[in-house]
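Before any comments, here is the structure.
The values are calculated or read from the model by the stated rules, or taken from the named source; none is laboratory data. Here the structure is a predicted model, which is why all the values come from computation and not from measurement. Here the Cβ is made from the backbone with ideal geometry for all residues, glycine too, and neighbour counts use every protein chain on show.
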Amino acid sequence: MLVIHRLFLTSAYRLRYSHSIYVDVLTRNQLLERGLSRSAIARATNSGRLHRVLPSVYSTGNPGYFERCVAVTLWKPDSVLSHSSAAWLWGLLDEEPRQVDATVLRSAQVRGPEWVRLHRRDLKSSDQCMGLPVVPVEQCFIDVAVTLPRPQLEAFFDAAVSTRVPWTLIALRCDEMKGMHGIPAVREQLRTCCPGTLSEPERIVARALSRRRFPLEINGKVGRYYGDLMCRRARVIVEIDGREFHIAPEVFNNDRRRQNALVLDGWLVLRYSAATVMAHLDAVVDEVIAVVRRRRHNRA
């Protein structure tokens with residue numbers, strides 16, 4: 001009879017994955033220590049009661065992403081989960097990555113199945129998350145800079161910098177890891193990232209302005225109201241209207257009252273639909289910059 005050895009799961013994991021059936025991950029030696037013979041392990045694998053996840057690593061059910069992460073750390077005991085896997089474990093990525101990323105010693109073998117990606121480098125420090133060895137949370141920003149496509153990388157930084165991890169810790173990590181691949185991209189992202197945006201079109205406009213070295217304040221408060229993007233010096237607010245603005249009468253009417261109050265208080269409100277932003281981003285950004293510059297000059 002197979003003896004079940006449950007993994008220790010943090011309360012955060014239980015809350016996030018409470019819908020999952022608990023699946024245990026064990027090495028061949030652990031199964032042998034629990035009284036199973038090699039032939040019993042083979043029979044359990046053939047019958048489907050055990051699943052071979054990696055060489056000499058088994059699970060008691062179909063492994064999910066977390067169980068695959070566990071399996072990699074059992075397969076490579078000196079490994080540390082890194083890159084997108086560490087970012088997911090730390091809660092910086094909502095979607096499960098396609099591969100399990102782990103960092104191993106330079107002398108380690110890196111051949112494995114397609115769903116495992118091993119990176120060889122010197123391991124200077126590690127941490128623990130959900131009971132697993134992971135790179136420190138600040139290191140995730142350097143790691144993903146070499147694995148995520150640019151659009152995803154920008155969204156990653158906008159969502160995580162300052163809201164989940166202080167930018168100062170990331171900058172300090174860059175100083176500590178000088179010469180590491182990915183650091184120039186991280187420094188660029190720290191200069192241009194736009195944390196705090198509430199929608200993708202709003203984030204895209206804020207990013208485009210930042211790349212033009214013309215950043216605006218994000219979700220700034222004016223009295224009882226907030227503006228998507230704003231320049232207090234020019235008293236200009238830029239609003240990006242989503243689909244609900246056009247189809248929900250209550251949203252439309254409340255926004256009109258809000259805009260009237262802002263205009264009466266001396267603010268100029270520029271409005272763009274999300275569709276316009278996505279189709280004509282450069283034109284929108286050009287107009288915003290021209291209007292803000294003109295208002296700054298006139299108010300001076």
Problem - Filter pass, Leu123 being within 30 Å of Arg211 (Cα to Cα), modelled with pLDDT under 95 and among the aliphatic types (A, V, I, L, M) - result: no
Exercise for the section: Enumerate the pairs (first residue in segment 173-197 and under 17 Å from His83 (Cα atoms); second residue anywhere and basic (Lys, Arg)) with beta-carbon separation below 8 Å, excluding pairs fewer than 6 apart on the same chain, so at least 6 apart or on different chains. Expected result: Cys174/Arg187; Met177/Lys124
Practice task
Could you please let me know if Arg203 is more than 17 Å from the chain's Cα centre (by Cα) and either within 22 Å of Val284 (Cβ to Cβ) or not hydrophobic (A, V, I, L, M, F, W, C) (or both)?
Solution key: no
Problem - Subset tally (residues that are closer than 28 Å to Val161 by Cα and buried (at least 17 other Cβ atoms within 10 Å of the Cβ)) for segment 74-98 - result: 15
Handout entry: Residue ID - nearest to Ala275 (Cα to Cα), chosen from residues in segment 233-256 that are modelled with pLDDT of 95 or more and of a type in the set (Lys, Arg)
Key = Arg235
Practice task
Specify which of the listed residues (Ala290, Ala234, Ala274, Ala283) is in contact (Cβ under 8 Å) with a residue 40 or more places away in the chain and over 30 Å from Val165 (Cα atoms).
Solution key: Ala234
Handout entry: Flag for Pro133 being within 23 Å of Val23 (Cβ to Cβ) and not hydrophobic (A, V, I, L, M, F, W, C)
Key = yes
Problem - Boolean, Asp228 is in contact with a strand residue (DSSP E or B) (Cβ under 8 Å, 6 or more places away or on another chain), acidic (Asp, Glu) and under 30 Å from Val116 (Cβ atoms) - result: no
Completion exercise
Among Arg16, Arg6, Arg68, Arg34, the single one that is modelled with pLDDT under 95, under 26 Å from His119 (Cβ atoms) and not small (Gly, Ala, Ser) is Arg16
Problem - segment 156-197, residues that are more than 15 Å from Val137 (Cα to Cα), surrounded by 15 or more Cβ atoms within 10 Å (Cβ to Cβ) and of a type in the set (Gly, Ala, Ser) - result: Gly182, Ala185, Gly196
Exercise for the section: Could you pull out every one of the helices (runs of 4 or more DSSP H) wholly within segment 232-300 that has 3 or more residues that are within 17 Å of Asn219 (Cα to Cα)? Expected result: 249-264
Practice task
Note down all Cβ pairs under 7 Å where the first residue falls in segment 248-259 and is under 15 Å from Arg224 (Cα atoms), the second is of a type outside the set (Asp, Glu), and they're at least six residues apart or on different chains.
Solution key: Asp255/Phe245; Arg258/Tyr225; Gln259/Val269
Practice task
Of the conditions (1) in contact (Cβ under 8 Å) with a residue 24 or more places away in the chain; (2) in contact with a strand residue (DSSP E or B) (Cβ under 6 Å, 6 or more places away or on another chain), Leu148 clears all except one; give me its number.
Solution key: (2)
Completion exercise
Flagged in segment 89-129 as over 24 Å from Arg52 (Cβ atoms) and of a type in the set (A, V, I, L, M, F, W, C), in numbering order, are Trp90, Leu92, Leu93, Leu105, Leu123, Cys129
Problem - Long-range neighbours under 9 Å by Cβ, at least six apart or interchain, first residue under 14 Å from Pro63 (Cα atoms) within segment 13-32, second exposed (fewer than 14 other Cβ atoms within 10 Å of the Cβ) and modelled with pLDDT of 90 or more - result: Ile21/Asn62; Val23/Asn62; Leu26/Arg34
